[in-house]
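Everything on this sheet refers to the single structure shown next.
Please treat every number below as a calculation from the coordinates, not as lab data. Keep in mind it's a predicted model, so treat the numbers as computed, not measured. All Cβ positions, even for glycine, are placed from backbone atoms using ideal geometry, and neighbour counts span all protein chains on display.
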Amino acid sequence: MASLTPEVLWAQRSSKSDAEKNFIYLTIKVADVPASSLKLDLKPTGLTFSGHSDSLKRSYSLELEFYGEVDPAESKIHHSGRDVEIILRKKELDDAYWPRLLKESKKVHFLKTDFDKWVDEDEQNEAAEEDFSQFGGMKDLTANAVCWYQRLDTQSAGALASTVSSGNTKGCGKAFANCF
């Protein structure tokens with residue numbers, strides 16, 4: 001059986017003065033790959049991954065060569081039933097973002113920007129601090145719902161609030177409905 005290349009999502013932060021704020025978020029989307037069949041080799045210049053899902057009867061493999069060097073000793077890895085999340089510490093402290101994740105500039109079909117974690121370069125100092133103590137855990141859905149609720153314009157928010165207060169929340173997530 002040929003192995004599949006998993007979808008990979010990425011985002012980054014940069015800092016010339018603080019190593020804790022100088023990293024790459026990397027998510028390898030591989031469902032139902034148990035830790036026992038997962039192999040991950042992280043080196044300063046790249047990453048090699050392989051894994052097999054018995055339930056889905058799929059094998060995955062991936063090889064990435066990074067644009068710049070990372071510090072494997074300071075990087076963090078979290079494996080869940082849905083994916084492998086990695087925080088790669090960039091080796092060089094620099095305010096500038098890497099122009100891309102990979103050394104080669106050609107576009108690859110499996111690599112995508114993680115817009116849930118992406119912050120523009122000029123706005124990264126204003127971005128909320130990341131809480132790595134819950135790294136890999138469920139995000140607070142209620143907090144996310146409140147954030148989205150606050151972004152709605154007044155008219156839409158009023159209509160949404162009246163829908164929720166009437167108890168007609170069919171199709172709404174439980175955490176979203178609890179915001180009101």
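Worth a mention:
- The H on the amide N of Arg58, modeled in the peptide plane, is under 5 Å from the matching H of Ser53, each at least 5 residues off or on a different chain.
- Asp94 long-range amide H proximity, modeled H, under 5 Å: Ser15, Lys16
- In straight-distance terms, cross-link reach from Lys76 covers every one of the lysines whose alpha-carbon lies under 23 Å from its own, apart from those fewer than eight places away in the same chain; here that gives Lys16, Lys21, Lys29, Lys39, Lys43, Lys90, Lys91, Lys103, Lys112, Lys117, Lys139.
- Scattering profile of region 7-119 at q = 0.10, 0.15 Å⁻¹ [log10 I(q)/I(0), Debye over alpha-carbon scatterers]: -0.29, -0.64
- This ranking places Val108, Val70 by how few other beta-carbon atoms lie within 10 Å of each, fewest first, which gives Val108, Val70.
- Per-residue ³J(HN,Hα) for region 64-74, Karplus 6.51 cos²θ - 1.76 cosθ + 1.60, θ = phi - 60°, Hz, x for Gly and Pro: 10, 10, 6, 4, x, 8, 10, 9, x, 5, 9
- Computed packing ranks the peptides 92-104, 6-18, 73-85 as 6-18, 73-85, 92-104, most packed first, by mean other Cβ atoms within 10 Å.
- Computed about the Cα centre, the dipole magnitude for region 2-112 is approximately 300 debye when only Lys and Arg (+1) and Asp and Glu (-1) carry charge, each at its Cβ.
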